[in-house]
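First the structure, in the form of structure tokens, and then the observations on it.
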Amino acid sequence: MLRTTTFAAALGLLGSFAQADTLTFYTAGPGGLADALAEAFQAETGITVNVFQGTTGQVMARLEAEEANPQADVVVSASWGSARDMHARGLLMEYLSPNAAEVPDFLTHSHYVAQGISALAMVWNTQSTAPRPTEWADLTEEAYRDLITMPDPAQSGAAFDLVAGLEAAMGDAAWDLLAGLAANDMIVPGPNAAALNPVLQGAKAVVFGAVDYISYGQAAGGETIEVIVPASGTVIAPRPMMILQSTQNPDAAKAFVDFVLSEAGQNMVAQTWMMPARADVEGLRPGINDLTVIEVDEDAVAARRDDIIARFNATVINR
Amino acid sequence: MLRAQSILTTLAAAALLVLVGLPVLFILLQAVFPDFARGSLVGAFSKLAILTENDRLLMQARNTLMLAFSVMLGCLLFGLPIGVLRGLFHVPGARIWDVVFLIPFLIPPFIAAIAWMMTLQPRGYLFQLLGFDMGRFLFSFAGVAFVMTLNLFPLVYFAVSRALEMVGGRFASAARVHGARPVQAFFLITLPLSIPAIAASLLIVFAMSIEEFGTPAALAARTGFDVLVTGIYTRLSDWPIDLSGAALGSVILMAMVLAAFTLQNWIATRRSYVSQTGKPADMDKASLGPWRWPVLGLFLLVALISVGVPLAAIAVTSITGTISGGLTWSNLDTRHYMPLFQSGSRAAQALITSGWLAVLTAFATAAIGGLVAYIVVRGTGRGRAVMDGLSVLPNAIPAIVLAVGVILAWNSPFLPLTLYGTSAILLIAYIGILLPYPIRYAVARLRQISGSLDDAARVAGAGQMQALRHITLPLMAPSLIAAMMLVFAIASRELVASIMLAPAGLRTVGTFVFAQFEQGSVQTGMAMSMIAITITSGILLAVNLWLARQGSSAFSG
């Protein structure tokens with residue numbers, strides 16, 4: 001009896017999912033942003049947005065498993081490379097939003113566009129016994145022995161971009177730097193949150209290569225941490241937004257992308273402490289023009305991904 | 001009469017095939033055909049090369065087995081003594097202890113790992129309170145095994161205490177009459193008769209510890225201690241995604257669990273463990289006398305380590321304003337609870353969703369599990385062993401892979417109508433994942449119940465269904481109810497399958513908490529865990545007290 005009811009309820013849900021005035025949105029973090037965007041968009045257009053939020057890996061695994069029968073209409077990932085790959089496989093619909101005019105050229109593409117941007121930084125616990133670092137290389141000093149964490153490049157696309165970027169900027173010296181960090185007993189505990197938490201409690205003093213916006217937010221919430229961007233340069237991690245070719249709802253999907261890139265949408269992005277994609281919308285923190293950005297040849301890096309990860313593992317993690 | 005049994009068999013077989021067989025089949029297909037998810041069958045077996053050319057896989061397999069055996073040993077160490085005491089003696093507050101030892105199942109493993117980390121790591125809570133830390137121990141092989149043991153030892157506790165209650169004092173008394181000393185009677189009679197139950201619980205411990213992801217991911221990554229399941233997750237969650245590689249890794253895990261299952265089955269069936277023959281039994285447990293206090297002390301110690309410490313760490317974290325602020329009065333702040341209590345908040349929706357999912361899963365698994373167990377033990381058909389083996393597989397498959405199997409199976413474009421994309425798909429996955437519990441518990445129980453009880457009923461004129469309803473089912477009920485409570489506890493906080501399968505827009509307690517850890521505030525995640533644990537343990541306590549008033553208990557014969 002109970003189960004009959006469930007099935008009936010499920011069928012009811014099925015019906016509502018098929019309606020034209022709903023949109024399915026798969027997105028990587030930040031937490032709360034997707035819900036806020038969905039609610040504001042619904043208030044403006046009456047179109048319901050169903051949100052699935054996970055890590056980039058979870059979003060991609062789900063897209064992959066559903067590939068025979070795709071469910072999502074719009075996707076935001078935290079890895080620019082994932083959008084390039086999906087485009088190369090012909091999964092994306094061509095669309096350039098009129099609102100993308102204010103987005104810098106290198107962050108727009110015929111099939112995808114940046115939603116917001118984060119940068120990679122050092123995050124230092126101001127209460128720690130270790131001195132305030134200013135450069136990546138500072139962390140190889142004795143004062144930081146056993147006090148450094150780093151997100152795993154295999155699990156964090158941004159941390160991977162940092163390794164690739166440092167290599168592009170410094171050549172083999174980048175690997176010497178990483179070897180120096182490893183010799184200083186740096187730990188690589190997992191994705192971003194896993195690297196940050198030991199620093200929050202003080203078990204470690206600095207994160208090498210943290211995604212900055214999460215830490216800006218936590219510092220604003222009273223945590224005694226400081227986000228430090230080395231003057232020598234860092235990499236940025238734009239978050240691509242894309243419409244799937246398979247969407248049954250292209251008009252609603254386009255309207256949603258337009259909305260995210262509108263001034264109102266970009267202000268919501270700014271509230272998460274990311275840099276808004278649009279150059280004319282103010283962020284809460286230093287913007288792209290305040291950073292020394294290391295240019296990375298995306299194609300070359302993507303082709304060498306396995307090599308770079310393998311070398312990182314051999315140099316730092318010893319596996 | 002014969003028809004009734006064949007209908008039941010068909011029903012149970014169909015349920016198992018749809019809920020377990022189908023996802024497993026699609027995982028196997030994915031392992032063989034790398035592009036299966038894209039609807040293509042090209043390049044068959046091209047992925048198998050990673051099995052042979054990869055030393056790391058072998059090392060991971062060895063580490064996995066080492067960890068599983070250590071956890072089994074640890075579970076015996078923690079669960080056996082208190083289980084024996086609970087089963088044979090009047091332990092003060094027995095019903096309370098039963099609920100207390102369910103709490104480890106209510107705490108999601110990755111939260112327990114984070115709680116231990118925040119307690120033991122340098123400058124963690126232990127350091128802040130007592131001035132020393134145990135980081136070196138925690139981030140080691142022993143530490144990982146320790147934390148996983150604390151998550152799983154209640155399985156042994158419940159299995160042992162229930163089995164001993166059933167074997168009861170009668171056989172031991174017979175031994176005593178024949179001149180055996182109490183200790184002799186225990187080791188020669190009582191303990192051996194509860195072997196099926198102990199072996200069954202150890203099988204689940206084994207399967208769960210090779211499948212468990214949260215603890216190794218949080219702790220073992222720091223030590224460079226790689227296990228198979230972390231490798232599988234890496235393939236599924238790191239760009240680029242490798243569905244086939246993950247499926248292959250899961251096939252190795254399935255092989256391990258099937259081997260363990262065969263061994264356990266051999267132990268459990270090579271002789272008779274029947275102890276419930278229908279003869280009136282003296283169910284009175286022995287009194288502990290002056291030993292009461294030391295025994296109570298032991299229960300308290302185990303509870304303190306396994307429940308007290310992680311729960312305290314979760315509670316404390318949820319009411320600190322900032323993590324860097326540490327344990328000071330000025331840092332005491334309940335603001336992280338605020339977003340949970342707003343009316344119509346997503347937290348409330350998540351609690352309701354997880355609540356009804358857990359209840360439905362508990363009833364469905366008990367119904368299907370009881371049926372399968374009955375057929376496996378009492379039936380005569382040839383497919384019995386296959387059914388039994390099939391039912392244990394979900395415990396071997398990492399939940400994320402089973403979830404992928406469910407997507408592949410249920411999101412096929414050829415299906416005219418699918419439950420994928422609705423909350424019903426979560427129910428299907430939960431039932432598949434959690435079916436092993438009721439089946440293992442009920443099979444072990446049935447092996448202790450003599451078939452002659454059924455025969456007696458049949459001789460007295462009852463039909464087979466009547467005998468099942470009035471004799472076997474009531475005797476099975478305690479272990480089914482215990483399994484239902486376990487299933488309810490685990491389903492109420494399930495994370496991994498939920499992340500993969502929850503339709504867009506639907507949140508469960510697990511996904512809500514995880515999102516808070518990943519992107520929001522650790523404290524809000526801990527606060528939500530606290531609320532969920534409180535509600536769930538309250539429900540379990542209420543059910544247990546209600547059962548007690550009905551004259552039986554979920555955890556007693």
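The values are calculated or read from the model by the stated rules, or taken from the named source; none is laboratory data. What you are looking at is a predicted structure, and each value in this text was computed from that prediction instead of being measured. As a convention, Cβ positions derive from the backbone with ideal geometry for all residues, glycine included, and neighbour counts pool all protein chains shown.
Answer with yes or no whether B:SER492 is of a type in the set (Gly, Ala, Ser) and under 22 Å from B:ALA312 (Cα atoms).
Details: of a type in the set (Gly, Ala, Ser): yes; under 22 Å from B:ALA312 (Cα atoms): yes.
Considered against the rule, which asks whether it is of a type in the set (Gly, Ala, Ser) and under 22 Å from B:ALA312 (Cα atoms), B:SER492 comes out as yes.
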Kindly list the number of the only condition in (1) modelled with pLDDT under 95; (2) of a type in the set (A, V, I, L, M); (3) closer than 16 Å to A:ASN313 by Cα that fails for A:LEU178. (1)
Being free of Cβ contacts under 8 Å to residues at least 40 places away in the same chain, within 24 Å of B:LEU138 (Cβ to Cβ) and surrounded by fewer than 21 Cβ atoms within 10 Å (Cβ to Cβ): is that true of B:GLY179 here? no
Spot the failing condition for A:ILE309; the list is (1) within 19 Å of the chain's Cα centre (by Cα); (2) under 23 Å from A:MET241 (Cβ atoms), and only one is missed. (2)
Kindly provide the set of residues from segment A:164-188 that are more than 14 Å from chain B (Cβ to nearest Cβ), part of a helix (DSSP H, G or I) and touching a helix residue (DSSP H, G or I) at 6+ places or on another chain (Cβ under 8 Å), ordered by number. A:LEU166, A:GLU167, A:ALA168, A:MET170, A:ALA174, A:TRP175, A:LEU177, A:LEU178, A:ALA179, A:GLY180, A:LEU181, A:ALA183
Could you count how many residues in segment A:79-138 are over 21 Å from A:ALA237 (Cα atoms), in the same structural domain as A:LEU181 (by TED's automatic domain parsing) and not in a helix (DSSP H, G or I)? 9
Going through segment A:82-107 one residue at a time, which ones are crowded, with 20+ Cβ neighbours inside 10 Å and either within 14 Å of another protein chain (Cβ to nearest Cβ) or of a type in the set (Val, Ile, Thr) (or both)? A:SER82, A:ALA83, A:MET86, A:VAL103
Return the pairs, sorted by first residue and then second, in which the second residue is part of a helix (DSSP H, G or I) and surrounded by 15 or more Cβ atoms within 10 Å (Cβ to Cβ), the first residue lies in segment B:117-136 and is at the interface with chain A (Cβ under 8 Å from one of its Cβ atoms) and of a type in the set (Lys, Arg), the beta carbons are less than 7 Å apart, and the residues are 6+ apart or on different chains. B:ARG123/A:GLN201
Report whether or not A:ALA154 is of a type outside the set (Val, Ile, Thr) and at pLDDT 95 or above. no
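Kindly indicate whether any position in segment B:362-376 is more than 14 Å from chain A (Cβ to nearest Cβ), in contact with an Asp or Glu (Cβ under 7 Å, 6 or more places away or on another chain) and buried (at least 18 other Cβ atoms within 10 Å of the Cβ).
Step one: filter segment B:362-376 for residues more than 14 Å from chain A (Cβ to nearest Cβ), giving B:369-376.
If we keep only those that are in contact with an Asp or Glu (Cβ under 7 Å, 6 or more places away or on another chain) as well, we get B:376.
Retained after the next criterion (residues that are buried (at least 18 other Cβ atoms within 10 Å of the Cβ)): B:376.
There is at least one residue in segment B:362-376 that is more than 14 Å from chain A (Cβ to nearest Cβ), in contact with an Asp or Glu (Cβ under 7 Å, 6 or more places away or on another chain) and buried (at least 18 other Cβ atoms within 10 Å of the Cβ).
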Answer yes if at least one residue in segment B:535-557 is touching a residue at least 12 places away in the same chain (Cβ under 8 Å), of a type in the set (A, V, I, L, M), within 14 Å of chain A (Cβ to nearest Cβ) and farther than 25 Å from B:ALA197 by Cα, and no otherwise. no
For segment B:409-446, give me each residue that is over 24 Å from B:ALA358 (Cα atoms) and at pLDDT 80 or above. B:LEU446
Quick check, is A:GLU167 among the acidic types (Asp, Glu) and under 24 Å from the mean Cα position of the chain (by Cα)? yes
Qualifying position, being crowded, with 18+ Cβ neighbours inside 10 Å, within 13 Å of chain A (Cβ to nearest Cβ) and at pLDDT below 95, among B:THR317, B:THR328: B:THR317
Do the conditions hold for B:ALA467, that is, is it part of a loop (DSSP other than H, G, I, E, B) and over 19 Å from the mean Cα position of the chain (by Cα)? no
Evaluation of A:ILE228 against (1) at pLDDT 95 or above; (2) within 22 Å of B:GLY135 (Cβ to Cβ) (one fails), failing number: (2)
